[in-house]
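Written below as structure tokens is the structure these notes are about.
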Amino acid sequence: MESYAAFSTAFSSFTITSLHFQSRPTSFSTPFKPAFFPILHAPPPLISTPHRLSVLTQLTKPCKPFKTLSSSKDNIITEPSKYRLQGAKIVPLVLSISTGLIINFVIPKPDELTGQAWQLLSIFVSTISGLVLSPLPVGAWAFLGLTTTILTKTLTFSEAFSAFANEVIWLIVISFFFARGFVKTGLGDRIATYFVKWLGKSTLGLSYGLTLSETLIAPAMPSTTARAGGIFLPIIRSLSLSAGSMPNDPSAKKLGSYLVQSQFQCAGNSSALFLTAAAQNLLCLQLAEELGVVVGDPWVEWFKAASLPALVSLLAGPYILYILYPPEVTDTPGAPAMAAKKLHLMGPVTSNEWLMIGTMLLAVSLWVFGDIIGISSVLTAMIALSILLLSGVLEWEDCLNENSAWDTLAWFAVLVGMASQLTNLGIVTWMAKYVVVFLTSFSLSWPAAFGVLQATYFLIHYMFASQTGHVGALYPAFLAMHLAAGVPGVLSALALAYNTNLFGALTHYSSGQAAVYFGSKFLLKVAKWAH
């Protein structure tokens with residue numbers, strides 16, 4: 001059992017995370033009392049002029065070290081650095097472009113398709129290949145794909161940019177701003193700390209406390225990545241460091257590895273439980289509507305269908321992981337008291353937090369009942385954001401600084417626009433027909449075909465580093481395959497959407513939250529164990 005003092009810094013008013021300071025453990029003569037002190041870097045000492053340049057050259061990259069060409073230390077000349085290729089990575093670039101060229105010029109065009117459809121498919125496949133191989137950042141590569149569609153006259157300018165007016169894409173963008181509000185006001189941190197106070201006497205209790213708090217926050221904070229990086233990872237890191245569980249170190253298995261892995265896995269279940277817990281959920285339903293599958297009263301129907309498997313998974317997940325990958329520290333008696341201390345230091349709920357609570361309650365209520373009074377999901381999000389801006393909870397500068405939101409708008413709109421045009425040009429229906437013929441050759445009933453298609457959709461995510469990218473690329477095609485195989489439409493649409501959330505925890509690169517949690521360096525050992 002870890003001592004009470006092991007958690008003395010976990011919930012102090014000066015909680016430190018790696019996002020703010022670099023830190024390291026200190027050694028003590030008493031081995032069972034690990035401690036953690038933030039190392040605040042003081043300003044660099046003054047350096048005498050003869051040595052100043054030589055020191056700076058050690059800190060400057062990609063320049064080579066300076067070489068002295070004379071006996072004088074002041075006469076220092078830099079050696080020219082060798083030319084380095086900038087821009088796209090050559091091998092991924094060639095491979096990504098080659099896939100499209102092979103489809104367009106080598107593979108014969110089927111008679112059922114027009115030349116425009118086949119050319120768009122080649123550009124789309126090349127774009128998807130680039131998203132997987134990353135010759136350029138995602139947004140830059142998507143822009144090149146968009147430019148190609150216009151340059152080759154495959155799409156008109158208005159067709160190419162049509163998805164930038166897509167309601168769900170703007171809902172995704174606004175969800176990033178909501179997430180910033182939770183972090184900026186400290187409301188998310190306060191909620192999670194309450195659950196640590198109530199359930200944190202043991203490591204398993206800590207895990208359940210964090211899991212339940214994420215489930216509570218999820219429907220009003222539609223970004224799993226923001227919940228991970230803005231709320232839960234800082235808390236987990238503080239708890240772990242205070243218990244002597246260090247990142248990128250064998251001691252990570254004491255506490256940090258288990259808490260991070262548990263929270264990482266539960267995030268997919270909480271995102272699948274509520275329609276508004278992840279922005280890609282609404283995108284799935286919109287893409288389903290384009291294929292004629294309409295889910296009536298979507299928020300309620302989504303929750304009813306997801307509630308049993310999601311709640312069972314949320315309750316069983318931490319315990320199963322506790323058995324499969326047990327933490328070395330099992331008791332944390334000091335955590336509840338330290339959580340109470342942190343809440344005391346935080347003081348009463350601020351006016352901005354109350355405004356955030358009220359705005360999110362309004363948003364969730366309108367997401368649930370808005371269809372009855374004619375208010376769409378995206379309009380609800382716009383109303384809520386307007387309230388936060390008018391009240392000063394968020395400033396417009398906060399929105400402008402949310403770079404990931406604008407990047408998502410750019411590349412995701414391109415991807416969704418291409419996918420929609422592929423559907424309009426008959427590509428999706430053509431692909432689905434041939435897949436169904438293949439499945440029928442094995443005499444599969446629709447339940448068997450359902451299982452095969454769902455498993456394929458799930459496992460193919462090993463090739464993707466984005467849940468939303470996977471949806472835009474493959475959701476329409478797989479839903480069309482389900483429908484052609486005779487699988488009920490609503491079952492197909494919802495099951496694919498639920499799997500979109502679950503495969504976010506499949507690998508260390510499978511989603512934005514995966515990058516956040518694995519970037520903490522607590523899961524390096526876990527990743528090796530999992531493979």
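Looking at ALA497, ALA477, which is the one that is in contact with a Cys (Cβ under 6 Å, 6 or more places away or on another chain), aliphatic (A, V, I, L, M) and modelled with pLDDT of 90 or more?
Criteria check complete, one pass: ALA497.
Working only within region 468-496, note down all residues that are hydrophobic (A, V, I, L, M, F, W, C) and open to solvent by 50 Å² or more (accessible area, probe 1.4 Å).
LEU483, ALA484, VAL490, LEU491
What are the residues in region 100-131 that are exposed (fewer than 15 other Cβ atoms within 10 Å of the Cβ) and in contact (Cβ under 8 Å) with a residue 60 or more places away in the chain, if any?
The answer is PRO110, GLU112, THR114, GLN116.
Residues that are out of contact with any Lys or Arg (no Cβ under 8 Å at 6 or more places or on another chain) and closer than 24 Å to GLN513 by Cα: list the helices (runs of 4 or more DSSP H) wholly contained in region 110-208 that include at least 2 such residues.
Those helices (runs of 4 or more DSSP H) span 115-133, 138-151, 167-185, 187-199.
From the list ALA272, ALA243, exactly one residue is at pLDDT below 90 and either in contact with a Leu (Cβ under 7 Å, 6 or more places away or on another chain) or more than 17 Å from GLU214 (Cα to Cα) (or both). Which is it?
Of ALA272, ALA243, the one residue that is at pLDDT below 90 and either in contact with a Leu (Cβ under 7 Å, 6 or more places away or on another chain) or more than 17 Å from GLU214 (Cα to Cα) (or both) is ALA243.
Residues of region 138-182 being open to solvent by 50 Å² or more (accessible area, probe 1.4 Å) and under 16 Å from LEU283 (Cβ atoms), which ones?
Listed by number, the residues that qualify are SER162, PHE164, ALA165, GLU167, TRP170.
I need the full set of residues from region 315-373 which are more than 27 Å from the chain's Cα centre (by Cα), among the aliphatic types (A, V, I, L, M) and surrounded by 13 or more Cβ atoms within 10 Å (Cβ to Cβ), in order please.
If the condition is that a residue be more than 27 Å from the chain's Cα centre (by Cα), among the aliphatic types (A, V, I, L, M) and surrounded by 13 or more Cβ atoms within 10 Å (Cβ to Cβ), then VAL329, ALA335, ALA337, MET338, ALA339, ALA340, LEU343, MET346, VAL349 are the ones that fit.
Which residue, of ALA465, ALA515, ALA448, is of a type in the set (A, V, I, L, M), surrounded by fewer than 22 Cβ atoms within 10 Å (Cβ to Cβ) and not in a helix (DSSP H, G or I)?
Going through ALA465, ALA515, ALA448 in turn, just one is of a type in the set (A, V, I, L, M), surrounded by fewer than 22 Cβ atoms within 10 Å (Cβ to Cβ) and not in a helix (DSSP H, G or I): ALA465.
Closer than 24 Å to PHE164 by Cβ and assigned to a helix (DSSP H, G or I): does that describe THR423?
Answer is yes for this residue.
The values are calculated or read from the model by the stated rules, or taken from the named source; none is laboratory data. Please read all numbers here as calculations on a predicted model, not as lab measurements. We place every Cβ from the backbone using ideal geometry, glycine too, and count neighbours over all the protein chains shown. Side chains included, ligands, DNA and RNA excluded: accessible areas come from the protein's heavy atoms. Shrake-Rupley method; radii C 1.70, N 1.55, O 1.52, S 1.80 Å.
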